[in-house]
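Structure first, commentary second.
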Amino acid sequence: QVQLVESGGGLVQAGGSLRLSCAASGSIFSILTMGWYRQAPGKQRDLVASITSGGTTNYADSVKGRFTISRDNAKRTVSLQMISLKPGDTAVYYCADILRRYWGQGTQVTVSS
């Protein structure tokens, strides 16, 4: 079993930056491919970035060049650095494994214009 706790959301102006962090419990974290998902009001929950256990990353086209996902297996953390934020990035952001078995509670990111 894996438990995930996100932190780092907040309110930021367009063009600003935020860093989200996800702390995990459970020894299997290091072998999981992890992802950051987001869900805006009235929309489906979409994957925005993922990272394999070995550090290979993948990004949705909408965030490429602006978001960077990273992980520290020793500390059992996965992070999402977000720059050049846009109002369209406003959503609740969730940390989860790529198979969607384990989820954090979510953290709100609001980007004002």
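The values are calculated or read from the model by the stated rules, or taken from the named source; none is laboratory data. Owing to the predicted nature of the structure, the values given are computational and were not obtained by experimental measurement. Here the Cβ is made from the backbone with ideal geometry for all residues, glycine too, and neighbour counts use every protein chain on show. These accessible areas exclude ligands, DNA and RNA; they are computed on the full protein's heavy atoms, side chains included. Shrake-Rupley method; radii C 1.70, N 1.55, O 1.52, S 1.80 Å.
Taking every residue in segment 37-59 that is of a type in the set (Ser, Thr, Tyr) and pairing it with any residue that is surrounded by fewer than 13 Cβ atoms within 10 Å (Cβ to Cβ), at least 6 positions away or on another chain, the pairs with Cβ-Cβ distances below 6 Å are Ser53/Ile31. Here Tyr59, Tyr94 are screened, and the one residue that is among the aromatic types (Phe, Trp, Tyr) and farther than 17 Å from Ser17 by Cβ is Tyr94.
Which residue out of Arg76, Arg71 is surrounded by 22 or more Cβ atoms within 10 Å (Cβ to Cβ), of a type in the set (D, E, K, R) and within 21 Å of Thr107 (Cα to Cα)? Within the list Arg76, Arg71, the selection yields Arg71.
Of all the residues in segment 27-39, those that are within 14 Å of the chain's Cα centre (by Cα) and assigned to a loop (DSSP other than H, G, I, E, B) number 1.
Filtering segment 14-59 to residues that are closer than 15 Å to Gln81 by Cβ, among the β-branched types (Val, Ile, Thr) and open to solvent by 40 Å² or more (accessible area, probe 1.4 Å) leaves only Thr57.
Every condition in (1) within 20 Å of Thr56 (Cβ to Cβ); (2) part of a strand (DSSP E or B); (3) open to solvent by 40 Å² or more (accessible area, probe 1.4 Å) is met by Leu99 except one, and the failing one is (2). Leu85 meets all of the listed conditions (1) outside any strand (DSSP E or B); (2) open to solvent by 40 Å² or more (accessible area, probe 1.4 Å); (3) modelled with pLDDT of 95 or more but one, namely (2). Quick check on segment 1-13: of everything there that is part of a strand (DSSP E or B) and not small (Gly, Ala, Ser), which residue is surrounded by the fewest Cβ atoms within 10 Å (Cβ to Cβ)? If we take residues in segment 1-13 being part of a strand (DSSP E or B) and not small (Gly, Ala, Ser), then Gln13 is surrounded by the fewest Cβ atoms within 10 Å (Cβ to Cβ).
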